[in-house]
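Enquirer: I'd like to ask you about the structure that follows.
The values are calculated or read from the model by the stated rules, or taken from the named source; none is laboratory data. Because the structure is predicted, anything quoted here is derived from the model rather than measured. Note that we place each Cβ from the backbone using ideal geometry, even for glycine, and neighbour counts take in every protein chain shown. Heads up: the accessible areas ignore ligands, DNA and RNA and are worked out on the full protein's heavy atoms, side chains in. Shrake-Rupley method; radii C 1.70, N 1.55, O 1.52, S 1.80 Å.
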Amino acid sequence: MKKFNIRKVLDGLTAASSSSSATAQPGTPRENDVIQETLQSEHFQLCKTVRHGFPYQPSSMAFDPVQKILAVGTQNGALRLFGRAGVECYCQHESGAAVIQLQFLINEGALVSALADDSIHLWNLRQKIPAILHSLKFNRERITYCHLPFQSKWLYIGTERGNIHIVNVESFTLSGYVIMWNKAIELSTKTHPGPVVHISDNPMDEGKLLIGFECGVVVLWDLKCKKADYRYNYDEAIHSVAWHHEGKQFVCSHSDGTLTTWNIRAQAKSAQIITPHGKQPKDGKKPEPCKPILKVEYKTTRAGDPFMILSGGLSYDTVGRRACLTVMHGKSTAVLEMDYPIVDFLTLCETPYPNDFQEPYAVVVLLEKDLVVIDLGQIGYPIFENPYPLTIHESPVTCCEYFVDCPAELIPALYSVGSRQKRQGYSKKEWPISGGNWGQGTQSYPEIIITGHADGSIKFWDASALMLQVLYKLKTAKVFERARSKEEKANTDIVEEDPFAIQTLSWCPESRMLCVAGVSAHVIIYRFSKQEITTEVVQLLEVRMQCEFSDGDSPDPGGDQTPTLPTPGASSSPQESEPPTQPSTGSNSSDGPRDNKPCLQVRSSPLKQSPGYQVELVIQLVWVSGEPPQPITSLAINSSYGLVVFGNSNGLAVVDYLQKTLLLNMGTSELYSPSDPYQRQPRSPRKTRQPSGDNPTKTSCMSRLSYLYSESVKKLRSSHLTTLDSNDGSNTSEDRCKSPTSGSTSPCNSDDERKQKFIEKDAKDNAFTRSRSSSVTSIDRESREAISSFHFCESFPRKTDSVVSPCLLVGTTQGTVMMVALSLPPPGDHRLQQPVGISSCGTLVTLKGGILTMALLDATGTLLPPSYEPWYDPNASDEEKEKSRRRRPASPPSTQEGQDSQFAVLCSEKQAKVVAMPSQTRIYKHNITESSFVLRADVVQMAGAYCIACFCANGHIMTLSLPSLRPLLDVNYLPLTDMRIARTFCFSNLGQALYLTSPTEIQRITYSQETCDNRQEMLSELFTPVETPEAPNKGFFKGLFGGGAQSLDREDLFGETGAGKASRSLAQHIPGPGGMEGMKGAASGIVGDLARARIALDERGQKLGELEDRTAAMMSSADSFSKHAHDMMLKYKDKKWYQL
């Protein structure tokens, strides 16, 4: 066999992730040598593209009123920037410290961030990927507050000690000017005033700085004279301060729920004290104290009463009441309840100048798990419709799938049915955060992300062109009755909380058929329709799956009527294989064990189904002799065959959803033929199982489910990321009632100890003892072979076959791949009347570790996708149905006797193999990893060819060529510290992948060199050239008598000449990777350059036009003045002085 030269494998092929190269089976046919593999290492490169969703654990917020850009900082040091719909950006501080405050350099394309580790950073936003230009790390003081005046380069920094330092944001150097706390407060004061909680300059006098200390003292500091002009004292601690725009008054919010208003020249007593939510006693006493008012903003309007907006301050008797934002306008007070606690809020105003009427028009409220924008200009204060994809976490994500290059008509179809679901009552105005520009990328293929959630909902997202927009939401819980009481719930559900949670799903984009499996061992099949229908009775099929073992290690039948498998070539009829489909209550007494009962009750009343996905069939696994059904671990649907197959640790079941019948229900061990050399005899349990009705651990076990969701460790994708964990005989019942994302029992492999350590580490971090690995348990524990994956295909079921026929590949957790032949009736009426035949053909091949993915290639190395039926509307007329209902013709390869024409690609947690069909000869084998295990593997299209993409538990991302399994990429992407990533990682075509990086955010990455090269053009621009609004007019009298805003030459005051040098030990300057030239440069990319050049030319032309108009006006004015002067001269020319 020819050798391949690997010219470029990123980050090297380490022993930890790829221990050996692909090897060919000696003596095998070499017909695959003619396949010309086009994929090379040069086609691959790994990089992050974009992050979607709500910023996880937000901590601060800032807004640029000119650029219209919003910045949000988080507790883990992340920055998220938002502009118009589709304009988003993510960046991260290396330290990971919490962002305590953000300050924009307004209309400068820069942002200052202050972190909890006492460092401040200057970000350059003029480039598509923001970078840090400068950093300053304080060594001896803790930063508590920052303030950057508009159009100033001097940043005030307040500290925990009560001092204020000043930083030049251009050079990021400290000024020698320092305001010490002991000079700011009265000398007679003996106690420390506490940290600085507020800094702001007087809107009308830049030379006067207002400093708020936590203890309740506020100081108006004269910057030029370096002394305190006034000191204002109040008994309660201060949380925030806000100026009136005229600079004569300010408002303080306090810890007892009061607001104090102060006139700047009257320091002895506050002008007004109010308690917005306090009950006013009749005897004139002070109102009862309330909760602290955490923030207040005071905004004026030119035509009406000012707005006073505050958060907090509710009375203490409102226990359990949700967080509120209070809007006080004139005599009216509106209390707006929020769904989550308020982190911060900002009032958006028409002008960036603090000394002008503010004219507030909206309030941005940052909540712990949401972002709300309130319209202040409409009655009732409606909210704006949020254009960002911030509802990913509306219910915790439990599974995730990613489809790239979908049929073009899918997204419009989903959008049309989803648009009817939108709620009403939003503000009619446009979204106010409207800055930035979209990227100019050339990628135009449709992308869809599907997320399954804990409440049973499924969301379809349009992910095209690096954007994300929700298309359609499906609520699967509508199919079931909801428990009305706790007693009823305890009697019916095996899951106390989130019984409808989605565990795994299978979707056929071409036929639009959707199949979902849920936590309560239920499967729902949906068809897509554009017409609304009312289903009188929901079709239900109940399946009894069990796997009992005798003490003699011999398997018992897997159900009451589980058939023995027919001999090869025969088929099992539905009459033989179908168990009782009606629930049997006769064997279930009030005292005896529950039997033949499903976990959920399907609704009995008519179900109104809106356009979109509509229920076709509900399948439920039932309790068996007091044991709850095992979680479903794998699922597949094929629209061409009309079949759904699902499996768990007990076995598999095949359902014909066209005839609504069960075709096959048997244990995994029965799939092996009697002469199969790979057959495994199941082991009997070491201890007798106790009836679950007597097991007190079940309820407590299931009650942990919601906690596991909240910890975001239940983001499990069960079809490929099945957790089949260990259990010993004593807690078998407990394992059976675990949640779907918890997993079930599993076999073991040679690397069990390493996997066990990996799982124990995750359990320690996440308080979660279940693992993703399908072979985690130690050898001395009870194990059971479970179904881990399925693949429908058209292939050669047996070695002697020369014509392809419908097949089902079955993969197990012990690395066995078995072939099952399907015999389908002719299409049309025969398909609905005649039974589908099923026969097992034994083991195809075995691999190390559980099977993750399977696929078929033709003789040229092209992927053979499963056949499908084109979509048709099930509620349309019969004529329209017949036009579109046709099975996609399979192209049988021209096979000659003794020649292979297909290649089966099989990938497990440890290995990848390529097997020639129909000879079933192994052509290639590659050991992917020895010391770790693969979490996710997919066969994907890339640059016109196909490869296997793998994600390992040690954080490596790898790709292997097909069919030769050459390593093309191996990158140590990230150390796997969070199992959420492992459970939600998805590869898709064209070099795209994603995972849930936090409970609220999706991170998209690419492993395509072409996409990495074009990323700059695809990303959106945050900074756009915008003219700064003109400063407010002083007016004639204010300019004459000095009543306008007073400016201050801060350079003379704070510069090195006037203030001297600062102490070197106070803070350390760290140059950022962005470089100073990045600050002045525009966003990279030729498209951006051209766009900016065009805007600059437009601006220049506009300014030239304005200059011409001004010149003409001045000339006209000069002519008029000259004429009047000449007239005056003529009038008084001959008069004496006493005649004037």
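Enquirer: In region 52-107, which residues are of a type in the set (Lys, Arg) and either open to solvent by 10 Å² or more (accessible area, probe 1.4 Å) or part of a loop (DSSP other than H, G, I, E, B) (or both)?
Expert: Lys68, Arg84
Enquirer: Only one of Arg84, Arg80, Arg7 is modelled with pLDDT under 50 and either out of contact with any Gly (no Cβ under 8 Å at 6 or more places or on another chain) or not aromatic (Phe, Trp, Tyr) (or both). Can you tell me which?
Expert: Of the residues listed, the single one that is modelled with pLDDT under 50 and either out of contact with any Gly (no Cβ under 8 Å at 6 or more places or on another chain) or not aromatic (Phe, Trp, Tyr) (or both) is Arg7.
Enquirer: Mind checking which residues of region 938-965 are within 16 Å of Ile1005 (Cα to Cα) and β-branched (Val, Ile, Thr)?
Expert: Val940, Ile957, Thr959
Enquirer: Still on this structure, I have one more. Inspect all residues belonging to region 317-326 and state whether any of them is in contact with a Pro (Cβ under 6 Å, 6 or more places away or on another chain) and open to solvent by 20 Å² or more (accessible area, probe 1.4 Å).
Expert: There is at least one residue in region 317-326 that is in contact with a Pro (Cβ under 6 Å, 6 or more places away or on another chain) and open to solvent by 20 Å² or more (accessible area, probe 1.4 Å).
Enquirer: Moving on. In region 108-127, which residue that is in a loop (DSSP other than H, G, I, E, B) and of a type outside the set (Lys, Arg) is most open to solvent (accessible area, probe 1.4 Å)?
Expert: Among those residues, the one meeting the criterion is Glu108.
Enquirer: Could you tell me which residue of region 964-993 is nearest to Glu401 (Cα to Cα), considering only residues that are surrounded by 23 or more Cβ atoms within 10 Å (Cβ to Cβ) and in contact with a helix residue (DSSP H, G or I) (Cβ under 8 Å, 6 or more places away or on another chain)?
Expert: Gln992
Enquirer: If you don't mind, another one. Scan region 462-472 and tell me whether some residue there is part of a helix (DSSP H, G or I), touching a helix residue (DSSP H, G or I) at 6+ places or on another chain (Cβ under 8 Å), open to solvent by 40 Å² or more (accessible area, probe 1.4 Å) and modelled with pLDDT under 95.
Expert: yes
Enquirer: Can you confirm whether Pro797 is outside any strand (DSSP E or B), touching a Cys at 6+ places or on another chain (Cβ under 8 Å) and modelled with pLDDT under 95?
Expert: In short, yes.
Enquirer: Pick from Glu141, Glu186: which is surrounded by fewer than 19 Cβ atoms within 10 Å (Cβ to Cβ), touching a His at 6+ places or on another chain (Cβ under 8 Å), among the acidic types (Asp, Glu) and in a loop (DSSP other than H, G, I, E, B)?
Expert: Glu141
Every residue, every condition in (1) assigned to a strand (DSSP E or B); (2) without any contact (Cβ under 8 Å) to a residue 12 or more places away in the chain; (3) open to solvent by 40 Å² or more (accessible area, probe 1.4 Å); (4) of a type in the set (Phe, Trp, Tyr), yes or no:
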position	(1), (2), (3), (4)
Glu206	yes, no, yes, no
Cys215	no, no, yes, no
Glu246	no, no, yes, no
Thr261	yes, no, no, no
Ile273	yes, no, yes, no
His277	no, no, no, no
Thr301	no, no, no, no
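Enquirer: Examine region 545-564 for a residue that is of a type in the set (A, V, I, L, M, F, W, C) and at pLDDT 55 or above, and state whether such a residue exists.
Expert: Yes - at least one qualifying residue is present in region 545-564.
Residue-wise test of (1) in contact (Cβ under 8 Å) with a residue 24 or more places away in the chain; (2) over 21 Å from Gly612 (Cβ atoms); (3) part of a loop (DSSP other than H, G, I, E, B); (4) open to solvent by 10 Å² or more (accessible area, probe 1.4 Å).
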| site | (1), (2), (3), (4) |
| --- | --- |
| Leu390 | yes, yes, yes, no |
| Pro412 | no, no, no, yes |
| Ser416 | yes, no, no, yes |
| Tyr426 | yes, yes, yes, yes |
| Lys429 | yes, yes, yes, yes |
| Ile433 | yes, yes, yes, no |
| Phe460 | yes, no, no, no |
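Enquirer: Which condition from (1) over 23 Å from Tyr995 (Cβ atoms); (2) at pLDDT 95 or above is the one that Gly518 breaks?
Expert: (1)
Enquirer: Scanning region 960-984 for residues that are within 25 Å of the chain's Cα centre (by Cα) and part of a strand (DSSP E or B), which turns out nearest to Pro865 (Cα to Cα)?
Expert: Val971
Enquirer: If you check Leu1107, Leu1090, Leu1048, Leu1097, which single one turns out to be farther than 30 Å from Gly439 by Cα, part of a helix (DSSP H, G or I) and at pLDDT below 75?
Expert: Step by step, each of Leu1107, Leu1090, Leu1048, Leu1097 is checked, and only Leu1107 is farther than 30 Å from Gly439 by Cα, part of a helix (DSSP H, G or I) and at pLDDT below 75.
Residue by residue, here is whether (1) open to solvent by less than 10 Å² (accessible area, probe 1.4 Å); (2) among the acidic types (Asp, Glu) holds:
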{"position": "Gly158", "(1), (2)": "yes, no"}
{"position": "Val197", "(1), (2)": "no, no"}
{"position": "Asp222", "(1), (2)": "no, yes"}
{"position": "Val251", "(1), (2)": "yes, no"}
{"position": "His254", "(1), (2)": "yes, no"}
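Enquirer: Could you list all residues from region 327-345 that are within 19 Å of Pro292 (Cβ to Cβ) and open to solvent by 20 Å² or more (accessible area, probe 1.4 Å)?
Expert: Result: Met328, Thr333, Val335, Leu336, Glu337, Tyr340, Pro341, Ile342, Val343, Asp344.
Enquirer: Counting only residues that are assigned to a loop (DSSP other than H, G, I, E, B) and of a type in the set (Ser, Thr, Tyr), which one in region 839-873 is farthest from Glu670 (Cα to Cα)?
Expert: Checking each candidate, the answer is Tyr872.
Every residue, every condition in (1) closer than 23 Å to Arg983 by Cα; (2) out of contact with any Gly (no Cβ under 7 Å at 6 or more places or on another chain); (3) open to solvent by 50 Å² or more (accessible area, probe 1.4 Å); (4) among the acidic types (Asp, Glu), yes or no:
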residue	(1), (2), (3), (4)
Glu1001	yes, no, no, yes
Tyr1007	yes, no, no, no
Thr1011	no, no, no, no
Leu1019	no, no, no, no
Phe1023	no, no, no, no
